[in-house]
Amino acid sequence: MAHPRRILRTDDPQVNAYRWLTSTVLPRPIAWVSTVSADGVGNLAPHSFFTVACARPPIIAFSSVTRKDTLANVEATGELVVNVASLPQRDLVNDSSALFPAGVDETVALGIATEPSELVTPPRVADAPVALECRLHSTVELGDSTLVLAHVLLVAAREDVLATDGYPSVDRLQPLSRLGRNEWGLPPEVFTLDRPTSPEDVHR
């Protein structure tokens, strides 16, 4: 049975493509990015256009929609830390998205505890379950946005979020995600399903 569909061309000025994408491509994990400006001023901001881009070398990617302090700082210093946005920090993650002036450090203004990083200047969020210390790999200009590709140099994971296999478990990580409108996603319900290794393994 065919379902009726609404057909929208993204080149139609009446179509808000951003709203459609953010209401469709979900859930989107949140990169809570800490940076430091060339003048030494800290910045912390969430970015929900975020994913893994390469396995070897380990590279992650996020987009800055319009030019923001995060992007300016990364371009100036080449360093950043991507902190996992977790449920206990929900309100702080949201509050850090406010348009603070460029000279204001969100961690100070919001009372967010930080800790020194090992290999880069920007600090890690102290309560983040996992923090990825990164060096800028490259940027790509895409219309009103800039794609930032960051080489992960070091993983700093809290011991209490690791499962018996030594990797983070979702139930301990408690990752937040962004959905459409003002909607957020809570840590997901998880099920396991082995990936087929050959056509013979496919369930029919």
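Every number here is computed from the coordinates shown, using simple stated rules; none is lab data. Just so it is clear, the structure is predicted and the values come from calculations on it, not from any experiment. Please note: Cβ atoms are built from the backbone with ideal geometry, for glycine as well, and neighbour counts cover all protein chains shown.
In segment 15-32, how many are of a type in the set (S, T, N, Q) and surrounded by fewer than 13 Cβ atoms within 10 Å (Cβ to Cβ)? Outline the logic, then answer.
Step one: list which residues in segment 15-32 are of a type in the set (S, T, N, Q), which gives 16, 22-24.
Next, only the ones that are surrounded by fewer than 13 Cβ atoms within 10 Å (Cβ to Cβ) stay: 24.
Counting residues in segment 15-32 that are of a type in the set (S, T, N, Q) and surrounded by fewer than 13 Cβ atoms within 10 Å (Cβ to Cβ) gives 1.
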Residue identified as without any contact (Cβ under 8 Å) to a residue 40 or more places away in the chain and crowded, with 16+ Cβ neighbours inside 10 Å among Asp69, Asp12: Asp69
Regarding segment 33-53, can at least one residue be identified that is free of Cβ contacts under 8 Å to residues at least 60 places away in the same chain, more than 22 Å from Glu115 (Cβ to Cβ), touching a strand residue (DSSP E or B) at 6+ places or on another chain (Cβ under 9 Å) and surrounded by fewer than 14 Cβ atoms within 10 Å (Cβ to Cβ)? yes
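Go through segment 1-37 and give me each residue that's under 25 Å from the mean Cα position of the chain (by Cα) and over 30 Å from Ala128 (Cβ atoms).
Going through segment 1-37, the residues under 25 Å from the mean Cα position of the chain (by Cα) turn out to be 16-37.
Asn16, Ala17, Trp20, listed by residue number.
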Identify the single condition in (1) on the phi > 0 side of the Ramachandran plot; (2) surrounded by 15 or more Cβ atoms within 10 Å (Cβ to Cβ) that Glu75 does not satisfy, given that it satisfies every other one. (1)
Assuming Ser96 fulfils every condition listed in (1) of a type in the set (Ser, Thr, Tyr); (2) loosely packed, with under 12 Cβ neighbours inside 10 Å; (3) within 25 Å of Asp171 (Cβ to Cβ) apart from one, which condition is it? (2)
Scanning segment 132-143 for residues that are more than 15 Å from Ala53 (Cβ to Cβ) and surrounded by 11 or more Cβ atoms within 10 Å (Cβ to Cβ) gives Glu133
